[in-house]
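Below is one structure, written out as structure tokens, with a few remarks after it.
The values are calculated or read from the model by the stated rules, or taken from the named source; none is laboratory data. From a predicted model like this one, the values you see are computed outputs, not experimental measurements. Here the Cβ positions follow ideal geometry from the backbone for every residue, glycine too, while neighbour counts run over all protein chains shown. Only protein heavy atoms, including side chains, enter the accessible area calculation; ligands, DNA and RNA are left aside. Shrake-Rupley method; radii C 1.70, N 1.55, O 1.52, S 1.80 Å.
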Amino acid sequence: MTVILQQAIPYDPLAQNPLPGIKPADPRAWLHRDDAFSAQMQRRAALLAQQKLDVLAQSPEALAPAQELLELVIQQVYPNVSDHVVRPDGVRVEVDRERPLETLCHLVQEDFCILQKHDDEHVLTGAILCFPASWMLSEKFMRPLIGIHEPVDAYDANIARRVQRLFDGIQPNRPLWRFNALWYNDAELFQPRSLMQRRTPRDENSARYLRSERQTLLRLPETNAVVFAIHTYVMAADQVLKMENPT
């Protein structure tokens with residue numbers, strides 16, 4: 001498998017960022033394109049073609065939010081297009097509005113999770129998730145927030161309540177973002193892992209790569225669903241440490 005790495009991360013992934021670690025994001029620039037664009041897009045296409053059931057899940061109620069999200073992404077990244085787009089790497093993508101999450105998979109590097117309010121909780125009703133960081137879409141689909149975050153040790157009941165209040169308070173055109181930093185020995189982007197198979201913790205002294213997710217939360221104004229967008233960066237550990245301690 002080809003190793004896909006970025007040469008830089010547009011924020012300091014080693015800065016302290018305790019949960020929930022939320023900051024305002026620019027509504028005009030919440031999607032990002034980096035130097036790994038072409039390679040990541042090829043990997044996304046291969047995963048969708050070969051392991052569709054592992055990376056795509058959509059309930060009927062998530063269709064309308066996914067369609068709204070598709071239009072939003074096209075408007076921001078590929079304005080003035082209708083039935084197809086041509087990506088920066090020259091690939092032509094047909095816009096299939098009946099399969100919005102599949103189309104999104106071919107347009108941008110971000111993974112997308114759609115969360116909709118069921119009673120007092122937000123539930124994961126749809127996702128295109130090509131680059132999971134040690135979790136499985138099949139175990140999280142149609143589950144509420146607290147279930148989605150079960151493997152995260154720091155995500156206790158108090159944090160869960162705070163995050164649910166945060167989701168309730170997200171306003172259209174006012175996205176929020178946070179990041180994480182995870183040390184891995186394997187640079188592979190597709191890393192599903194069951195709840196029953198906890199990953200061995202690594203640090204900068206024992207890992208070969210740093211994986212960081214830029215996570216964005218935004219509310220769709222028409223369907224009122226919340227979108228959780230994930231842009232995944234992977235860098236060689238020695239390169240990350242050079243960013244922190246330039247010579």
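Here are the numbers:
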quantity: Relative contact order for the stretch 30-112, counting Cα pairs under 8 Å that sit 6 or more residues apart, in percent; calculated: 40 percent
quantity: The stretch 213-229 residues near the modelled Q171 label - backbone nitrogen below 13 Å, point 7 Å along Cα→Cβ; calculated: 219
quantity: Contact order relative to length of the chain, as percent, for alpha carbon pairs under 8 angstrom and 6 or more apart; calculated: 25 percent
quantity: Debye log10 I(q)/I(0) at q = 0.07 Å⁻¹ for the chain, Cα point scatterers; calculated: -0.22
quantity: Spatial separation of Cα centroids for the stretch 163-190 and the stretch 83-102, in angstrom; calculated: 25 Å
quantity: Residue range of the chain that is longest and free of trypsin sites (Lys or Arg not before Pro) which are both DSSP loop and sparsely packed (at most 11 other C-beta within 10 Å); calculated: 29-197
quantity: Accessible area per residue, Å², the stretch 1-87 with all protein chains present, probe 1.4 Å; calculated: 54 Å²
quantity: Diffusion constant of the stretch 28-73 at 25 °C, which comes from Stokes-Einstein with the Kirkwood Cα-pair radius and 0.890 mPa s, µm²/s; calculated: 193 µm²/s
quantity: Alpha-carbon centroid distance for the pair the stretch 203-223 / the stretch 23-38, whole angstrom; calculated: 12 Å
quantity: Dimensionless Rg/Rh of the stretch 1-103 - Kirkwood Rh, Rg from C-alpha atoms; calculated: 0.98
quantity: Ratio of the Cα radius of gyration of the stretch 201-247 to 2.2 N^0.38 Å, where N counts its residues; calculated: 1.70
quantity: Loop GluC sites (Glu not before Pro), the stretch 72-128 (other Cβ atoms within 10 Å of the site Cβ: 16 or fewer; DSSP); calculated: E98
quantity: Compactness relative to 2.2 N^0.38 Å, alpha carbon Rg of the stretch 69-119; calculated: 1.22
quantity: Counted charge near V93, where neighbours are those whose Cβ lies closer than 13 Å (Asp, Glu -1; Lys, Arg +1); calculated: 0
